[in-house]
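These notes are about the structure you will find just below.
The values are calculated or read from the model by the stated rules, or taken from the named source; none is laboratory data. Quantities reported herein were computed from a predicted structural model and do not represent experimental measurements. Note that we place each Cβ from the backbone using ideal geometry, even for glycine, and neighbour counts take in every protein chain shown. These area figures cover heavy atoms from the full protein model, side chains too; ligands, DNA and RNA do not enter into them. Shrake-Rupley method; radii C 1.70, N 1.55, O 1.52, S 1.80 Å.
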Amino acid sequence: MAVKMNGASERPLIADHSIARQAIDLDGLVGDGPFSYCRGKLLSAHSRPGLFVPCSDLGERDVFDEIIARYGQKFPGSDRRAIVSMWTLYYFSMLTIAPSVHMFVNRIALPMEIGRLSLVCNELTGEPEAFVMFGSPEPTTDPAGELHRLMLGHAEPVIAAIAANAGVAPKLLWNNVATYLSWILKEIAHRQEPALVEGGMALLEEPNWPGGARNPMFGMIRIARQQCGLEFARRKVCCLRYNLPGVGGCGEACPLPDGRH
């Protein structure tokens, strides 16, 4: 886990670090309620075992390759693009689900920019388990604006880095983000009220983001209809998980027939 630097010194690519629950009790806000699965995902730098990786370092090929090598051990000989995509499903679920709950339900702004977060991975498997935030949560009256900042300040740069390092199409990675973001916003609407997430849904469904930039998630989630008339959400770009042994397909959500099994 070390690399020579100019032949003179060594540094670890990924540091084992101790992390604990943050002093501001975000976990207490979700408690045992309908969003209890958000607990333990947003932490501060104290004590919890794992591999500690600044999210900005994921743009370094050697760091990213080391994490994926750990994760890929469970899928020997498999398509690396599928392995990387599967790993990002864990990453993007953490980046979208708990933050969206705190932004739209609890009206809390979080320090989610790529330079203000570190990733905690399982030290054996490399699987993402939590984020460590370097900054304090604050009240917000603009949750959609906070989500937009998360997309610009974290999702966009990390997707560019992963696409460059792993040869995975950015559209696939954005579809991974959109899948989880769409799910949690609709879950909030169902369990709270639709008006809470109108601004967040616009970031998914409008062709352009505020400021006029093209929305990379536009059209990534499509509404399809079964023969019986039941509507369901389907991805535009396959996540490739069906290529991994022991991993179930996405069912009707997959755009490819091979991925629906």
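Some notes on this structure:
- Of the DSSP H helices in the chain, those that are both long (alpha-carbon extent of 24 Å or more along the helix axis) and hydrophobic (Kyte-Doolittle mean at least -1.0) are 80-100, 170-191.
- Shape of the chain from the C-alpha gyration tensor: oblate (a/c of 1.5 or more and a/b not above b/c, with a ≥ b ≥ c the square roots of its eigenvalues).
- The chain, helix-only ellipticity at 222 nm - DSSP H runs n ≥ 4, -39,500 (n - 2.57), divided by all residues, nearest 500: -10500 deg cm²/dmol
- Size descriptors for the range 171-261 (Cα atoms only): Rg and Dmax, in that order, 14.3, 43 Å.
- Packing-based ranking of 237-243, 120-126 yields 237-243, 120-126, ordered from highest to lowest mean Cβ neighbour count within 10 Å.
- Scanning the chain for cysteines with no neighbouring cysteine C-beta under 4.7 angstrom from their C-beta gives CYS38, CYS55, CYS121, CYS228, CYS238, CYS239.
- Here's the picture: charge each Lys and Arg Cβ at +1 and each Asp and Glu Cβ at -1 in the chain, and of ILE114, CYS250, ALA160 the one pushed furthest to the positive end of that dipole is CYS250.
- Whole-percent P(r), the range 89-169, all Cα pairs, 5 Å bins from 0: 3, 14, 23, 26, 18, 9, 5, 1, 0.
- Accessible-area order (highest first, 1.4 angstrom probe) of the listed residues CYS55, CYS250: CYS250, CYS55
- Tensor-based shape of the range 218-257 (alpha-carbon gyration tensor, a/c under 1.5 rounded, otherwise prolate or oblate): oblate
- Proximal aspartates and glutamates to LYS236, defined as alpha-carbon separation beneath 15 angstrom and excluding residues fewer than eight positions away on the same chain: GLU205, GLU252, ASP258
- Whether the range 57-207 is rounded, prolate or oblate, judged on the alpha carbon gyration tensor where a/c under 1.5 counts as rounded: prolate
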